[in-house]
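Below is one structure, written out as structure tokens; comments come after it.
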């Protein structure tokens, strides 16, 4: 009888040691590596987008700078999706994405701290108060910035919108240089038409159901 009781105690002790170890390796009790990876990369992506949105809203990023940064973000997002097509990412793929995110992070910092500011904003000392055209540009940038910040605009959409804004800015700069710093009535009317089109694009992109 004593030997039987001793055997039961030994069996129970072994089971107590084996079960916790098995639970640690049970997929049902631990987050799959791919989910942990998604959270890390996804959180970093959201942080980068927040920084770009803040730069757009403050005027620290010009439309051209924001367009280029969002284009790089869009390419990185597409590459990440391809890597995850089979449901997981290898350590080498994760390291590659992290290196690319590091480079983009440095670019965001450098672009936000250079001497360029979005026309029509007071992002730097000595910048004149915005004109009527400048105020409209600023409102468009605010709408784009909010769309990036809340995820209504994908990186690709934001890049295209900022590209359009950048072309309008360049056209205004050229027209003003040719007219002693001002715009003619016809040029202002043309800029307003272009800004109307961009405004419509912003609205459609923010309400098309696609999310960042």
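The values are calculated or read from the model by the stated rules, or taken from the named source; none is laboratory data. Here the structure is a predicted model, which means the values were calculated and not measured. Don't worry about glycine lacking a Cβ; one is built from the backbone with ideal geometry, like all the others, and counts go over all protein chains shown.
Return yes when residue 63 is touching a residue at least 60 places away in the same chain (Cβ under 8 Å) and either surrounded by fewer than 18 Cβ atoms within 10 Å (Cβ to Cβ) or closer than 30 Å to residue 138 by Cβ (or both) and no when it is not. If you could, list the steps in order and put the result at the bottom.
Working: touching a residue at least 60 places away in the same chain (Cβ under 8 Å): yes; either surrounded by fewer than 18 Cβ atoms within 10 Å (Cβ to Cβ) or closer than 30 Å to residue 138 by Cβ (or both): yes.
It is true that residue 63 is touching a residue at least 60 places away in the same chain (Cβ under 8 Å) and either surrounded by fewer than 18 Cβ atoms within 10 Å (Cβ to Cβ) or closer than 30 Å to residue 138 by Cβ (or both).
Considering each residue of segment 58-89, count those that are more than 14 Å from the chain's Cα centre (by Cα) and assigned to a loop (DSSP other than H, G, I, E, B), and give that number. Explain how you work it out, then say what you get.
Going through segment 58-89, the residues more than 14 Å from the chain's Cα centre (by Cα) turn out to be 58-60, 62-64, 79, 81-89.
The next check asks that each one be assigned to a loop (DSSP other than H, G, I, E, B); those that pass are 59-60, 62, 84-89.
Number satisfying all stated conditions: 9.
Looking for whichever is more than 22 Å from the chain's Cα centre (by Cα) and either surrounded by fewer than 18 Cβ atoms within 10 Å (Cβ to Cβ) or within 26 Å of residue 79 (Cα to Cα) (or both) here; the options are 196, 200. Which one fits? Give the steps one after another, and end with the answer.
On the way: 200 fails: more than 22 Å from the chain's Cα centre (by Cα).
Going through 196, 200 in turn, the sole match is 196.
Rundown of residues vs (1) free of Cβ contacts under 8 Å to residues at least 12 places away in the same chain; (2) within 19 Å of residue 72 (Cβ to Cβ), yes/no style:
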| residue | (1), (2) |
| --- | --- |
| 136 | no, no |
| 154 | no, yes |
| 164 | no, yes |
| 173 | no, no |
| 183 | no, no |
| 186 | yes, no |
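In segment 144-163, which residues are at negative phi and surrounded by fewer than 20 Cβ atoms within 10 Å (Cβ to Cβ)? Steps first, please.
We begin by selecting, within segment 144-163, every residue at negative phi; these are 144-150, 152-163.
Of everything in segment 144-163, those that are at negative phi and surrounded by fewer than 20 Cβ atoms within 10 Å (Cβ to Cβ) turn out to be 146, 149, 150, 156, 160, 163.
Could we say that residue 148 is at pLDDT below 95 and in contact with a helix residue (DSSP H, G or I) (Cβ under 6 Å, 6 or more places away or on another chain) here? Give the derivation first.
Numbers: at pLDDT below 95: yes; in contact with a helix residue (DSSP H, G or I) (Cβ under 6 Å, 6 or more places away or on another chain): yes.
When the stated conditions are applied, residue 148 passes them.
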